[in-house]
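The values are calculated or read from the model by the stated rules, or taken from the named source; none is laboratory data. The structure displayed is predicted, hence computed values, not measured ones. Quick reminder, even Gly has a Cβ in these numbers, built from the backbone with ideal geometry, and neighbours come from all protein chains shown. In case anyone asks, the SASA skips ligands and DNA or RNA and just uses the protein heavy atoms, side chains included. Shrake-Rupley method; radii C 1.70, N 1.55, O 1.52, S 1.80 Å.
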Amino acid sequence: MTNSNTAPHPGESFSEYRERLRALGVKMPTEKMIKTPKEIEGCREAGRINSLVLDRVEREISVGMSTADIDAIVVSELSALGATSATLGYEGFPASVCTSVNSVICHGIPSRNEILREGDIINVDCTSVYGGYFGDASRMFSFGKISDSARRLIGVTREAVEMCVAAIKPYETRLGDIGHIINSHAKKNGFSVVREIGGHGVGLAMHEDPFVCHTGLPGRGLLLVPGMIFTVEPMINEGRARFYIDQKDGWTVRTLDGKLSAQIEYELLVTESGVEILSK
Ligand code: MF3
Ligand code: CO
Ligand code: CO
């Protein structure tokens, strides 16, 4: 951007640019964090497919269903689209989607015994593999009459992600800005942000560098440049940010205080003019 003192100079190669900014103390992405045009095309397609899977969940999810039924919908849609799940078998994860209900922060495992009831909120997080590329996004759903606090929590989470999308400027925005935007918005509304679990680079694998923390200091951290693909997926808690991992399954992340948690995940590509949402 022309008003940024971290922009490349006219005629400067990317490696010259990177070294110049490094010398100024700016954290710069590695070569691997910047996708080639061919990789971007593959990721765009995988992201589109991933959103189609979430669209199908959105059409069919309803009260009385089990979270295992959501898994079945995802399996069916992935197969119809010629894609596969990145989570099934990932470090032993036993399902094709994560379903995180109420006080579950993330990585909930679909179950026959978990029935969706009026008043529940749920995050459905899908990671698809298509043509060798990975797409990753998640949405929130709720059923019937939910508490005012739950409605606000979901709204603030959505706003936080949208504020990041609106803020990202190539060669100017830093990862710390992203964290700062999210955490400030959550705090202002009386909510808290999980720090230890975050977003990530994505594309040739489900989880790549960099780690995207949802808290941070403005003007700090990695500089965002065109070709970077990463997720923003804040987990915002109604109460305290503290959590524990369920020792019975080794995966389910729950709030320590038993209060609600919401999460919304977008997969973003940094472009020359701003940002493109690859999956949401
Ligand atoms: N989709 C999740 C993310 O956004 C990762 C799930 S890994 C799993 O990063 F093993 F829990 F499925
Ligand atoms: Co995800
Ligand atoms: Co993710």
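For this structure, a couple of remarks:
- For the chain, averaging the sequence separation of C-alpha pairs within contact (under 8 Å, six or more residues apart) and dividing by the residue count gives a relative contact order of 22 percent.
- Most mobile listed residue (LYS35, LYS248, LYS188) in the chain, GNM with C-alpha springs under 10 Å: LYS248
- Choice from GLY155, GLY92, GLY190 with maximal GNM fluctuation in the chain (Cα, 10 Å cutoff): GLY92
- Accessible surface of ASP125 - all protein chains present, 1.4 Å probe, nearest 10 Å²: 20 Å²
- Unsatisfied cross-links (Cα-Cα over 32 Å) in the set LYS27/LYS187; LYS35/LYS145; LYS259/LYS280; LYS27/LYS188; LYS35/LYS259: LYS35/LYS145; LYS35/LYS259
- Accessible-area rank, largest first, for HIS180, HIS185: HIS180, HIS185, with all protein chains present and a 1.4 angstrom probe.
- 17 Å reach of a label modelled at THR30, 7 Å along Cα-to-Cβ, counting backbone N of region 170-207: 200-207
- Computed from the C-beta positions of GLU159 and SER79, the FRET efficiency with R₀ = 35 Å rounds to 0.50.
- Calculated FRET value between ALA205 and GLU16, using beta carbons and R₀ = 22 Å, to 0.05: 0.15
- Here r is the Cβ-Cβ distance between LEU217 and LYS145 and R0 is 51 Å; the resulting FRET efficiency, rounded to 0.05, is 0.80.
- Region 79-187 - Rg and Dmax from Cα coordinates, angstrom: 16.5, 48
- Accessible surface for SER184 stands near 50 Å², nearest 10, in the context of the full protein assembly shown (1.4 Å probe).
- In degrees, nearest ten, helix 148-167 long axis to first principal axis of the chain (Cα): 20 degrees
- Model label points for ARG48 and ALA23, set 7 angstrom from Cα along the Cα-to-Cβ axis, are 4.3 nm apart.
- Whole-number accessible area per residue in Å² for region 35-279, which is evaluated in the context of all protein chains at 1.4 Å: 40 Å²
- Using every pair of distinct Cα positions in the chain, the Kirkwood expression returns a hydrodynamic radius of 19.2 angstrom.
- Region 183-258: Rg to Rh, with Rh as the Kirkwood radius over Cα pairs: 1.02
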